1. Hey, can you tell me all the residues within segment 34-54 that are near the ligand (Cβ under 8 Å from one of its atoms), part of a loop (DSSP other than H, G, I, E, B) and in contact with a strand residue (DSSP E or B) (Cβ under 6 Å, 6 or more places away or on another chain)?
2. Select, from 80, 84, 88, the only residue that is part of a helix (DSSP H, G or I), more than 9 Å from the ligand (Cβ to nearest atom) and at pLDDT below 95.
3. May I ask you to list the residues in segment 55-65 that are surrounded by fewer than 17 Cβ atoms within 10 Å (Cβ to Cβ) and either in contact (Cβ under 8 Å) with a residue 60 or more places away in the chain or within 9 Å of the ligand (Cβ to nearest atom) (or both)?
4. How many of the residues in segment 212-252 are surrounded by 14 or more Cβ atoms within 10 Å (Cβ to Cβ), farther than 19 Å from residue 164 by Cα and at pLDDT below 90?
5. Given the conditions (1) within 10 Å of the ligand (Cβ to nearest atom); (2) over 16 Å from the mean Cα position of the chain (by Cα), which single one is not true for residue 30?
6. May I ask you to verify whether residue 57 is assigned to a helix (DSSP H, G or I), more than 19 Å from the chain's Cα centre (by Cα) and more than 29 Å from residue 248 (Cα to Cα)?
7. Which residue out of 151, 189, 136 is under 21 Å from residue 219 (Cβ atoms), out of contact with any strand residue (DSSP E or B) (no Cβ under 6 Å at 6 or more places or on another chain) and at pLDDT 95 or above?
Ligand SMILES: NC(=O)c1ccc[n+]([C@@H]2O[C@H](COP(=O)([O-])OP(=O)(O)OC[C@H]3O[C@@H](n4cnc5c(N)ncnc54)[C@H](OP(=O)(O)O)[C@@H]3O)[C@@H](O)[C@H]2O)c1
């Protein structure tokens, strides 16, 4: 796509959206950011537009003169009750407004996980959004990712707060499933790469880092990189839901976000294929390096101590 064409980023205030907007501006794209919050400030050089995907009338104009839109929205932050319905409605409203405006292409970042595999409600909802977007008249690129490692990411922050706050932790063996985490910088590189490579239009790709790890291993590796002494006790009979409620108390991430994410840990989230690497042969950041970068960002953001 020509850099002079306009790109819309929905979810522009989120963990991925903010970083993506900066990366697109650096590449010279004209970027419009969508948010429900009028007070939200965006990166210098980006256009801001107010809109709520659950209020179709508010989307008028948001998609005008847009070539490609990124879909980076989810409704977990608004409460667990009904989030799946809200996510489906938001995607349907987006498709209707985008078709009306003549959008050429969409790129969606969703979740890994196979349907029919007793998926958690959160992962099932991510797949449902992909299905809804795929029904649009324009081509949709779907990128599927597991846990994204980066400061401010909900899943990463849950793992980080467990390591920081609970040096001794019992974990249900039911969540000791396999996961293929990916560094946030690699996700951004894939998102930008898909925009620049038309061969990715209308396709679904799994994206992951170079290692497949269990959640238990991720906690141990995170503790090692952070330099803390932590002990994890796998318990076969500990119910996942009880663990999820306990963990939600120990993390700063909202319970409405944390509980569905933790319930999703019982599902294996590993890439089924690596087709994306043939089209976009980007380097893959090792897990420990991704954690090191996240910790550096976390420490840099801490207020300096007086004196
Ligand atoms: N974080 C991860 O580890 C991870 C892993 C795999 C996949 N993903 C996927 O990556 C995508 C982005 O996730 P994220 O972590 O960046 O999410 P996030 O930080 O929670 O941001 C969610 C965004 O959704 C927007 N939003 C919610 N409801 C909206 C509505 N009704 N209308 C318009 N905007 C709405 C919010 O914008 P305002 O509040 O400003 O309106 C916010 O910017 C999601 O599809 C997620 O499933 C994330």
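1. The answer is 51, and nothing else.
2. 84
3. Hit for segment 55-65 is 55, nothing else.
4. 1
5. The one condition residue 30 does not meet is (1).
6. Yes; evaluated as a whole, the condition is true for this residue.
7. That would be 151, the only listed residue that is under 21 Å from residue 219 (Cβ atoms), out of contact with any strand residue (DSSP E or B) (no Cβ under 6 Å at 6 or more places or on another chain) and at pLDDT 95 or above.
The values are calculated or read from the model by the stated rules, or taken from the named source; none is laboratory data. Bear in mind that the values here come from a model prediction, so they are computed numbers and not experimental data. Glycine also receives a Cβ, built like all others from the backbone with ideal geometry; neighbour counts cover every protein chain displayed.
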